[in-house]
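The values are calculated or read from the model by the stated rules, or taken from the named source; none is laboratory data. Everything quoted here is computed from the prediction, not taken from an experiment. Note: ideal-geometry Cβ built from the backbone for every residue, glycine included; neighbour counts use all protein chains shown.
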Amino acid sequence: MDLLELNKQLNALTAPERLKWMSQQYPEGMVFSTSLGQEDQVITHLLARQALPVKIFTLDTGRLFQETYDLLDKTIARYKVTIHSYFPATEKVQQLITEKGPNSFYESVENRKECCYIRKVEPLNRALAGAKVWVTGLRADQSENRANLPIAEWDEAHQLIKIHPLLDWSYEQLLAFIQQENVPYNSLHDKGFPSIGCAPCTRAIEPGEDIRAGRWWWEASKKECGLHQETSIKLN
């Protein structure tokens, strides 16, 4: 099935139906990357409630908030699922900190991207090795970069299909679902953190700020870490 046909099929389905239908097409090799954000918690909920054969994994950068670890514990207990953790390569982290110190990411965009690559991108590459479908929690209204994404795209870098089952959900719709289904979420969301990453790189936002303004707030950039590269074929 080509991407045009795939998007036509997925556009006609609800988020739970999208996940179920894709898992039927790809009963092996479908994986979901969770950062334990609100969107990802909803997807974990949908996967667990339908008992879908999808591998769930998370990237532990070594610099996450304690609240994120608490939520990971709570999520595993609530849904009785296995969430595989992928860590950065020890020698790469040691080399980075030895040569540039623990906070080099504040000094330049290049340094920040180097840290993101070591702590997130390289572990992601290992996690996606051999996968056929990568499920993400991206939504169109999260940022300018994501506004024109299709639900399904071909990820050239990882040679797999990438799907965003919540792409057309509004933030209000997301919050309503979390409340209705009592989905566990990070307590930092109630303290002004709509987007949560590593602790040194995330702050609460002010009223009226973009929802990703708290990520790498000290730099003017596209507010991406490299996990979702702009190398995909996007057709809808």
Can you confirm whether Lys120 is part of a helix (DSSP H, G or I), in contact with a strand residue (DSSP E or B) (Cβ under 7 Å, 6 or more places away or on another chain) and of a type in the set (Lys, Arg)?
yes
Looking only at segment 200-225, and only at residues there that are surrounded by 14 or more Cβ atoms within 10 Å (Cβ to Cβ) and modelled with pLDDT under 65, the one that is farthest from Lys113 (Cα to Cα):
Lys223
Any hit, segment 132-148, residues being modelled with pLDDT of 95 or more, within 29 Å of Asp2 (Cβ to Cβ) and more than 18 Å from the chain's Cα centre (by Cα)
no
Quick one: which residue in Pro165, Pro184 is under 28 Å from Lys80 (Cα atoms), in contact (Cβ under 8 Å) with a residue 12 or more places away in the chain and within 15 Å of the chain's Cα centre (by Cα)?
Pro165
Taking interchain pairs and intrachain pairs at least six residues apart, which have beta carbon atoms under 9 angstrom, with the first residue in segment 189-203 and farther than 13 Å from Thr68 by Cβ and the second exposed (fewer than 15 other Cβ atoms within 10 Å of the Cβ) and acidic (Asp, Glu)?
Gly192/Glu206
Tally time: how many residues in segment 105-130 are touching a helix residue (DSSP H, G or I) at 6+ places or on another chain (Cβ under 6 Å) and among the polar types (S, T, N, Q)?
1
For Asn125, all conditions in the list (1) within 16 Å of the chain's Cα centre (by Cα); (2) closer than 27 Å to Pro194 by Cβ; (3) not aromatic (Phe, Trp, Tyr) hold save one; what is the number of the exception?
(2)
For segment 21-54: of the residues being of a type in the set (D, E, K, R) and buried (at least 18 other Cβ atoms within 10 Å of the Cβ), which is nearest to Leu128 (Cα to Cα)?
Asp40
List every residue pair whose Cβ atoms lie under 7 Å apart, where the two residues are 6 or more positions apart in sequence or sit on different chains, the first residue falls within segment 1-21 and is over 11 Å from Ile163 (Cβ atoms) and at pLDDT 95 or above, and the second residue, located anywhere, is acidic (Asp, Glu) and not in a helix (DSSP H, G or I).
none
Boolean, Pro165 is surrounded by 20 or more Cβ atoms within 10 Å (Cβ to Cβ) and assigned to a loop (DSSP other than H, G, I, E, B)
yes
Single residue of Glu153, Glu110 found to be surrounded by fewer than 13 Cβ atoms within 10 Å (Cβ to Cβ) and farther than 22 Å from His45 by Cβ:
Glu110
Among Gly192, Gly197, which is crowded, with 19+ Cβ neighbours inside 10 Å and more than 19 Å from Leu46 (Cβ to Cβ)?
Gly197
Do you know which of the residues in segment 64-107 that are free of Cβ contacts under 8 Å to residues at least 12 places away in the same chain and under 29 Å from Lys191 (Cα atoms) is surrounded by the most Cβ atoms within 10 Å (Cβ to Cβ)?
Ser104
